[in-house]
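Inspection log for the structure reproduced underneath, given as structure tokens.
What follows is calculated from the coordinates using simple rules that are stated; it is not laboratory data. Given the structure is predicted, the values throughout are model-derived calculations rather than measurements. Counting neighbours? That spans all protein chains shown, and the Cβs are built from the backbone with ideal geometry, glycine included.
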2 protein chains.
Amino acid sequence: MIADSISLILDKYNHEYHTEITKQSLWGKTVYDLLPEVHIPVIKNYQNSADFYHHVPLVEGAQDAVAILSEKYNIYIVSAALEFPNSLSARYHFIETHFPSISWRNLIFCANKSLIKAHFLIDDMVENLKDFGKSGFLFTAYHNVNIDYPSRLNNWEEILERFG
Amino acid sequence: MIADSISLILDKYNHEYHTEITKQSLWGKTVYDLLPEVHIPVIKNYQNSADFYHHVPLVEGAQDAVAILSEKYNIYIVSAALEFPNSLSARYHFIETHFPSISWRNLIFCANKSLIKAHFLIDDMVENLKDFGKSGFLFTAYHNVNIDYPSRLNNWEEILERFG
């Protein structure tokens, strides 16, 4: 997980609906579980806007860790973002700006990550890891904290310890 | 091959430079081989514009064949277009408009097609087929006509005969 999109989603939502939802309130659930169902399209519209990714903050430690690991591994960034087609160009530019070691040749947009041949996959969504067995690592995020998963990496520091 | 992007590239180039380059002149070579090297960025800019794919014509027979084959196969469209990030959204909408059986879950943007797990790959670029062995089929295009390839499909009619 390199982009802290949930922080920006909550900022925009709180601003628009005069709420004060914190990231902590997402403990064990996704933003889709938390918000009223009629507001799901609002959240999806944020993510599908052309400029959303120009404002998304980085996940702590991602930038340095990717730079370090790029010297040892051929790293691909696989984004399942095709549900949000208007955001693809900005997502590309987010990678280009913050992760200069990842060229366009190493960026993949693919909703079904099981289709990708890779030695390892680190992902915050359990369903993306289902075909990876022991090569799959769950990256801890608020929404997945209650899931019992055999190989979990809590942050980029732990990723560096495991793969560095 | 579903999008006849070369036709639109030549139209735009001929219009801009007052030339009369035909598709036939691409027999055995790519547009990058044919044009003066200083004009390569021009061609790449066409392809990287946000609206190029709103005007690209379809390859003959593609639309019907994909609709027919979708009833029998789980078809993915894999585009290597990440060199042209500003075009990604329009490429998505091209698929959405012309190939309604292909949802966003079945669209993949990936420069290196060897990374994709698939039973078959049909592609007009030999380098995209290199890891597919007998499961790879070369789709005939002007630029690849002189390449000796064991399994070639000349058009969508032949694809339907082989897989229908």
Item to check | At R0 = 51 Å, FRET efficiency that the Cβ-Cβ distance of residue B:152 and residue A:83 yields, to 0.05 | outcome: 0.90
Item to check | Inter-label distance for residue B:58 and residue B:117, nm, one decimal - labels placed 7 Å from Cα along Cα-to-Cβ | outcome: 3.2 nm
Item to check | Other-chain or far-sequence residues with amide H under 5 Å of residue A:58's (modelled H) | outcome: A:4
Checklist entry - So between residue A:93 and residue A:16, what do we pick up on full extension, going 0.36 nm a residue minus the alpha carbon distance? => result 25.1 nm
Item to check | Total lysine pairs whose alpha carbons fall under 18 Å of each other in chain B (8 or more apart, or interchain) | outcome: 8
Checklist entry - Using only Cα atoms, what Kirkwood radius does chain B have, in angstroms? => result 16.7 Å
Next on the checklist: Through the Karplus equation 6.51 cos²θ - 1.76 cosθ + 1.60, θ set to phi - 60°, convert the phi angles of the range A:128-139 into ³J(HN,Hα) values in whole Hz; use x for Gly and Pro.
Outcome noted: 6, 8, 4, 9, 9, x, 6, 8, x, 10, 8, 7
Item to check | Shape box of the range A:47-95 [Cα atoms, principal axes, largest first, Å] | outcome: 34, 19, 14
Checklist entry - Can you list the trypsin sites (Lys or Arg not before Pro) in the range B:65-122 that are in a DSSP coil and have 14 or fewer other beta carbons within 10 angstrom? => result B:72, B:117
Checklist entry - To two decimal places, what compactness ratio does the range A:81-164 give when its Cα radius of gyration is scaled by 2.2 N^0.38 Å? => result 1.17
Checklist entry - If you wrap a convex hull around the Cα atoms of the protein assembly as shown, how much volume per residue is inside, in Å³? => result 159 Å³
Next on the checklist: Suppose only helical runs count, i.e. DSSP H with n ≥ 4. What mean residue ellipticity at 222 nm does that imply for the protein assembly as shown under -39500 (n - 2.57) per run, divided by all residues and rounded to the nearest 500 deg cm²/dmol?
Outcome noted: -9000 deg cm²/dmol
Checklist outcome for this item: Among the range A:3-18, those whose backbone N falls under 19 Å of a label point 7 Å along Cα→Cβ from residue A:39 are A:5-18
Checklist entry - So which GluC sites (Glu not before Pro) in the range A:49-137 end up in coil per DSSP with only 12 or fewer other C-beta atoms within 10 Å? => result A:60, A:71
